[in-house]
1. With the checklist (1) in contact with a helix residue (DSSP H, G or I) (Cβ under 6 Å, 6 or more places away or on another chain); (2) over 24 Å from residue 418 (Cα atoms); (3) surrounded by fewer than 22 Cβ atoms within 10 Å (Cβ to Cβ) in hand, flag the one item residue 233 doesn't pass.
2. I'd like the full set of residues that are surrounded by fewer than 18 Cβ atoms within 10 Å (Cβ to Cβ) and within 11 Å of residue 654 (Cβ to Cβ), limited to the stretch 469-483.
3. How many residues does the stretch 337-391 contain that are surrounded by 17 or more Cβ atoms within 10 Å (Cβ to Cβ), modelled with pLDDT under 90 and within 26 Å of the chain's Cα centre (by Cα)?
4. If we keep just the residues of the stretch 620-631 that are under 19 Å from residue 560 (Cβ atoms) and in contact with a helix residue (DSSP H, G or I) (Cβ under 9 Å, 6 or more places away or on another chain), which is surrounded by the fewest Cβ atoms within 10 Å (Cβ to Cβ)?
5. Which ones in the stretch 419-441 are under 18 Å from the mean Cα position of the chain (by Cα) and surrounded by fewer than 24 Cβ atoms within 10 Å (Cβ to Cβ)?
6. Pick out the one residue from 451, 548 that is touching a helix residue (DSSP H, G or I) at 6+ places or on another chain (Cβ under 8 Å), part of a loop (DSSP other than H, G, I, E, B), touching a residue at least 12 places away in the same chain (Cβ under 8 Å) and in the same structural domain as residue 46 (by TED's automatic domain parsing).
7. Give the residue, chosen from 210, 203, 178, that is assigned to a helix (DSSP H, G or I) and farther than 22 Å from residue 361 by Cβ.
């Protein structure tokens, strides 16, 4: 028995279990990859115990090296599981086997922690009111301002009680708008040495703890920021474990996406006027107005949204008439940035609120300048001129409705960024229950920028999917259309739910479809139907788990992360194949780029997106070795389309049928067993 196997056996034994074959296989592979400094991707199905399978080698690596191991996750739930349950248990179970006590810490972005400088720098009136500046407040309704004000007041009270200032340890019910009044982003921070509360700073304390830890748990967003930053954010390290790795690309993309809106520019200009002389932001305000007017004019004179020639949607180049005002906006932002940066920080030594605001405006004007430049650079003519840019080519699009106009700029791919700043600098272990799409790892590896010679491993699952799960594809139903759910699909769902005795998780491709199905069935089936949006997601899942005959309907928030073992969930209904929206600018651009490179754009982008979500959605069914159930897909294309075999190969290996009578009979037997 090698060292990894010995530690794993001790750890599992302390939890009154025995190592599973897949868990042991994964632990050995992770240990070997770390020792040999080779990248590894591991697919480990639900029930494998993958957390222990990578934590044991990670602990061993950290204990016998000089640097910590970074563990990155996508969700708060997994972060908490690791920091509050798994790592403390392992520290106790392995205490006699380790050369020193195991130290672990959690590290998040600075804006996840309450800022004491902002709290203490605010006036009493601000703490009791909304906490927002007047320009920001003017954008909200009176009820929104009042609600935000009550939440800000609660945050000021919480500031006197909390030990860590971590938003995730705050009772729910505080909006992002309210939290922004008591937190700062990294670029807005005035720095621990200049801050009067530097020694007490919650974010700095978290970084200090992480610097001394053996295992540092973080999230994909901070991993992205660390990769993009010139100065390191995470402690020095050589090994990174990425759990929930199927979420890595979306989270990295989100962190690298910037926004530009006339409203935000107007607010920033007014803030600048209050920091410098009273006319510091005038040029920016005028440039913002000119830009907004030009944008309004371009929208008014363009084709309707969704048609060729419309400025709403993706821009392959900046529309005519918008280059000059956008360039002027960029230049005005930089002029304000230089003017405020030239004001000595010492002038605000006795005014912490103004000191923080100065730094915030400097950061915001720099970001505005950089975003405007990214938009200008993103035309097809300019994209090739930036070969050294880690983010490479950008995709730009305009989103507009009656109340708000926003330009978004996002990287076409994050593969180069990850290749140069992650895989080139560290040994990387990536794991998830869903990595081998279509039965192969190559799709995900290409998205990550992972070297093709890296090792891959599928350790399977301890669940017997073939005998415990059924995949029913309702091939007799009409193909899903754009006009909402068909009457046949609604009737089919009612039959399935009645046969299952409730116990149904409904996964829908849109909010409208989920609401329509709930409205139609609430008067038809004799079971309670919970609908996402009618309560917090955690509360809905808890109600669903505690009441076995209940149904729960929702959209993307339910496709991943819902863990309901036992008889409360015996049927997962999927209304249609979850392809991305055809008008999604980023997905469309990625598909076009694949076609231009001679690859199959549909399979590489749309089918891959659908396969990943289908695998995650179907994975909600079997959550323990005793679970039984059915995944019912109301979209015949899963069985009849050419790409259907690729999608099915990405899902658990269920027994398959397209017979309605067979499916209903199986659900009735399951329901009878659950009741008995």
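1. Unmet for residue 233, out of (1) in contact with a helix residue (DSSP H, G or I) (Cβ under 6 Å, 6 or more places away or on another chain); (2) over 24 Å from residue 418 (Cα atoms); (3) surrounded by fewer than 22 Cβ atoms within 10 Å (Cβ to Cβ): (2).
2. Selection gives nothing.
3. Residues flagged as surrounded by 17 or more Cβ atoms within 10 Å (Cβ to Cβ), modelled with pLDDT under 90 and within 26 Å of the chain's Cα centre (by Cα) within the stretch 337-391 amount to 3.
4. Applying the filter and picking the extreme gives 627.
5. Initial filter on the stretch 419-441 (under 18 Å from the mean Cα position of the chain (by Cα)): 430-435.
433 - this is the single residue of the stretch 419-441 that is under 18 Å from the mean Cα position of the chain (by Cα) and surrounded by fewer than 24 Cβ atoms within 10 Å (Cβ to Cβ).
6. Numbers: 548 fails: in the same structural domain as residue 46 (by TED's automatic domain parsing).
Only one candidate qualifies: 451.
7. Working: 203 fails: farther than 22 Å from residue 361 by Cβ; 178 fails: farther than 22 Å from residue 361 by Cβ.
The unique qualifying residue is 210.
Residues checked against (1) assigned by TED's automatic domain parsing to the domain that holds residue 339; (2) at pLDDT 90 or above:
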{"position": "250", "(1), (2)": "no, yes"}
{"position": "285", "(1), (2)": "yes, yes"}
{"position": "298", "(1), (2)": "yes, yes"}
{"position": "308", "(1), (2)": "yes, no"}
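The values are calculated or read from the model by the stated rules, or taken from the named source; none is laboratory data. Because the structure is a prediction, the values reported are computed rather than measured. Because the Cβ atoms are built from the backbone with ideal geometry, glycine has one as well, and the counts that use them run over all protein chains shown.
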